[in-house]
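Note sheet for the following structure.
The values are calculated or read from the model by the stated rules, or taken from the named source; none is laboratory data. As the structure is a computational prediction, the values presented were derived from the model and not from experiment. Here the Cβ is made from the backbone with ideal geometry for all residues, glycine too, and neighbour counts use every protein chain on show.
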Amino acid sequence: MAIKPKCPAFENHERWLVSYADMVTLLFAVFVVLYAIQIAGQKNQIEKVAVSLQESFNTPLGDIPTDRRGGPGELGVGVFDYFRGEMLVKPVIKKYRRSEFANPIIDKDLESVQKLIDKTLGKPDKQIVKSTAGDVISVSRVEKGFKIVLLSTLLFEPGQYKINQKSYQNIKRIGDLIKTIDARFLIEGHSDNLPSSNDYSNWELSALRATNIAKILMDDVGIDPDRIGIAGYADRHPRAANNTTEGRALNRRVEIQVKYD
C-alpha cells in the first residue's frame, strides 16, 4: 500500500493586507476631514469639526460654549466614556484648563498662607539666621503653584529628623490652611554639603525630615495621602553657596510645594 506524501500546511502570505487596509482607511478619513475644512473655509464650520473631534474623545475645547457643543459627550457615549466610568480612583483635584482662572486662585491661596505665617510666627527671627539672602520662612510663586520654605534651623535639632515641639503647632496651622486648597503637595527635604553628624547620610536625613513633615500633614491635619509626595534632595539644590555658615543654614530646609497641575 502506497503512502501519500503529506501536503504542506497552507501559509497566507497576504496577512499584511489587513493592517494596510486599516491604515488606508484611517488616512482616507483624515483627508476627508481636511478636505471638508478646506472647502467650507468658514470659521463656524471649522469649529464644528473641531468640536466633533474633541468631544469624541470626551475632551471638549474650553473655548466652546456649553450650548454650542453637540458631540457624543451630550448626544451619546463617547470613545472613553466606558473607561472613565470604570475608573476605581477618582481624580483628587480639579484641573484648571486656563491660566486666567488658575492664576488668581493661586495668588489668593498664596496670600492666605503668607498672612497666616505673618500672624502666627511674625517676622523671621534674625538671631536664627543672620542673612539677607532669604527668610527663615518664606512663601513665593513657582510654576503652576507656590512653595513654602521652612529652614531646618527652625524645625529640627542638629542632625535630627523629628520636628521639635515648639514648631509642631506652627506646621499644623499651616497644614490646616493648605488642606482647604484644591492642589497636590510635594514635601522636599534639603541639606547642606557637610557630612551628617549622625549615622544618616544627607540623602537619608533630607528624606526623613520631609517624611516627618508629611506624616504631620497626613496623620494630624488629615490631608489625603494621595495628595502628598515626598522627596529628599540632600545638597543637590542649594539656595546659597555652601562655603559659608550663613549659606549652609539657608540650604538646610524643607519646602512644601503646592502644585495646581
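So which of I174, I213, I187 is hydrophobic (A, V, I, L, M, F, W, C) and farther than 15 Å from A231 by Cα?
Going through I174, I213, I187 in turn, the sole match is I174.
Hey, can you tell me all the residues within the range 212-242 that are among the polar types (S, T, N, Q) and surrounded by fewer than 17 Cβ atoms within 10 Å (Cβ to Cβ)?
N242
Quick test of your reading of the structure: L177 fulfils all but one of (1) of a type outside the set (S, T, Y); (2) within 27 Å of G247 (Cβ to Cβ); (3) touching a Leu at 6+ places or on another chain (Cβ under 7 Å); (4) modelled with pLDDT under 90. Name the failing condition by number.
Going through (1) of a type outside the set (S, T, Y); (2) within 27 Å of G247 (Cβ to Cβ); (3) touching a Leu at 6+ places or on another chain (Cβ under 7 Å); (4) modelled with pLDDT under 90 one by one, L177 breaks only (2).
Please name all residue pairs, on different chains or six or more residues apart, with Cβ atoms under 9 Å, provided the first residue is in the range 228-244 and is closer than 18 Å to L186 by Cα and the second residue is in a strand (DSSP E or B) and small (G, A, S).
Final answer for the pair search is I230/G189; A231/G189; G232/G189; Y233/G189; A234/G189.
Being under 22 Å from R141 (Cβ atoms), part of a helix (DSSP H, G or I) and touching a helix residue (DSSP H, G or I) at 6+ places or on another chain (Cβ under 8 Å) is the filter here; which residues of the range 202-261 pass it?
Result: I213, L217.
I'm trying to understand the selection: among the residues of the range 187-213, which are under 25 Å from the mean Cα position of the chain (by Cα) and over 18 Å from N251 (Cβ atoms)?
Result: T211, N212.
Is the range 143-156 home to any residue that is of a type in the set (S, T, Y), part of a helix (DSSP H, G or I) and at pLDDT 90 or above?
yes
Consider only pairs whose beta carbons are under 6 Å apart and that are at least six residues apart or on different chains; among these, list those whose first residue lies in the range 201-218 and is in contact (Cβ under 8 Å) with a residue 40 or more places away in the chain and whose second residue is assigned to a helix (DSSP H, G or I).
These pairs meet every condition: I216/I171; L217/G175.
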